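Below is one structure; the comments refer to it alone.
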Amino acid sequence: MAIVHDFLIQMGGAENVVEQVALDYPEAPIYTSATFGENLFPVFKTDRVRNSWMQRLPGMLKHHKKLFFLYPFAFRSLRIKDADLAWISSTSFSKWIPKPKGTRFVCYCHTPPRYFWNPDEYLNNEIANPLLRGFVRMLVPFFRESDRRQSRKIDLFLANSKNVQERISRCYGRDSVVVYPPVDVNRFQVSNRSEDFFLIVSRLVGYKRIDLAVKAFTETGRRLVIVGDGPDRKRLESLAGPNVEFLGRAPDETVTELMASCRGFVFPGCEDFGITPVEAQACGKPVVAFRGGGALETVVEKETGVFFDEPTAESLATALDEFDAVAWDVPTIRHNAERFSNEVFLRRTREVLDEFLESTAAEENDALEARASKAVAEAL
């Protein structure tokens, strides 16, 4: 087996998925475009990692997203060796890696690349320079078609949610199997503490819609604590009243403590899956989430959280009133989070891969028997 991932630079949910698979398959090499950063997971600091020539580019750590047009060439320069199966973790370009003869490709798709399929969202939030933004916009149709072509060499797609499963079908015209990503629920303990504040843990960028929460909490006077940083922070601080507190980046220990002591967790954006609401539920904390994306699969209405229907501060404020009216059952909330544990992810991954390999082996045997029967018939 070989493991392939886009890049090992920002340690987030996608990298946690790769980490779990790498730990479960300790002999598998890890192919990627580049590996940087002090916060790398330990398994990514080993000699298992095979980087492309992008590893040597100056400024890669800071500008890796702006250099997106180089990734297809970087992955095409990599060569998978001696692998029956390549497990490809993809949010963007890892599918471009050449497919050796006899190697099966299984793609764990976190989402079809937003660069191509939701370009306005990406361009507005990631590229401030208007000239560079215009250049990237011209390239989008070319890369979108190329991405569709690369999808054809995938033998099996795994989707990280039903939400992404629908997107795979729409973008690639392919079926997929849902395998929810792993969440380290054992890092969190059930807590009956409930201090008078709500919590957000997020990167502060526009599409996360943190502004909806800032406005809703400022208008209602409820206390909101926001952990995280990003380019949207100054704007959000300008919208906030004194009851909204920005803590910036915080260590895991601080986040765990805040989740254990908050009244509830707020998730105002529309994500492919969304790990932080599951982490909050692992503490027994209910969630206030936008009715869309992965939250529809991780939050059970009126049992583990409430939804707001419109992307407005007013709709979120109404959901907060509904939140106050529910008698939340902490064990029920925790039990829901356990559906997404590391153990469940690994067990499901093994099951799907075993079923896939058995079915492909059976197909190959049938094909061999058919060719042998044809050869015998021709000889006779």
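Considering each residue of segment 313-333, count those that are outside any helix (DSSP H, G or I) and either surrounded by 14 or more Cβ atoms within 10 Å (Cβ to Cβ) or among the hydrophobic types (A, V, I, L, M, F, W, C) (or both), and give that number.
Result for segment 313-333: 4.
One residue stands out in segment 138-165 among those that are at pLDDT below 95 and acidic (Asp, Glu): the one that is surrounded by the fewest Cβ atoms within 10 Å (Cβ to Cβ), namely Glu145.
Can you tell me which residues in segment 91-102 are surrounded by 19 or more Cβ atoms within 10 Å (Cβ to Cβ) and not aromatic (Phe, Trp, Tyr)?
Selection gives Thr91, Ser92, Ser94, Lys95, Ile97.
Per-residue answers, yes or no, for (1) modelled with pLDDT under 95; (2) under 20 Å from Ile275 (Cβ atoms); (3) of a type in the set (Lys, Arg); (4) assigned by TED's automatic domain parsing to the domain that holds Lys95:
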{"position": "Tyr207", "(1), (2), (3), (4)": "yes, yes, no, no"}
{"position": "Ile210", "(1), (2), (3), (4)": "no, yes, no, no"}
{"position": "Thr218", "(1), (2), (3), (4)": "no, no, no, no"}
{"position": "Leu239", "(1), (2), (3), (4)": "no, no, no, no"}
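Within segment 13-53, the set of residues being part of a helix (DSSP H, G or I), over 21 Å from Val185 (Cβ atoms) and touching a residue at least 24 places away in the same chain (Cβ under 8 Å) comprises Phe44, Trp53. What residue, among those in segment 40-60 that are more than 26 Å from Pro98 (Cβ to Cβ) and surrounded by fewer than 14 Cβ atoms within 10 Å (Cβ to Cβ), is nearest to the chain's Cα centre (by Cα)? Restricting to residues being more than 26 Å from Pro98 (Cβ to Cβ) and surrounded by fewer than 14 Cβ atoms within 10 Å (Cβ to Cβ), the top hit is Pro42.
On the stretch given as segment 263-283, residues that are in a loop (DSSP other than H, G, I, E, B) and at pLDDT 95 or above total 3.
Filtering segment 66-90 to residues that are crowded, with 21+ Cβ neighbours inside 10 Å and of a type in the set (S, T, N, Q) leaves Ser89, Ser90.
The values are calculated or read from the model by the stated rules, or taken from the named source; none is laboratory data. Quick caveat: nothing in here was measured; it's all calculated off a predicted structure. In this analysis, Cβ positions are derived from the backbone assuming ideal geometry, glycine residues included, and neighbour counts consider all displayed protein chains.
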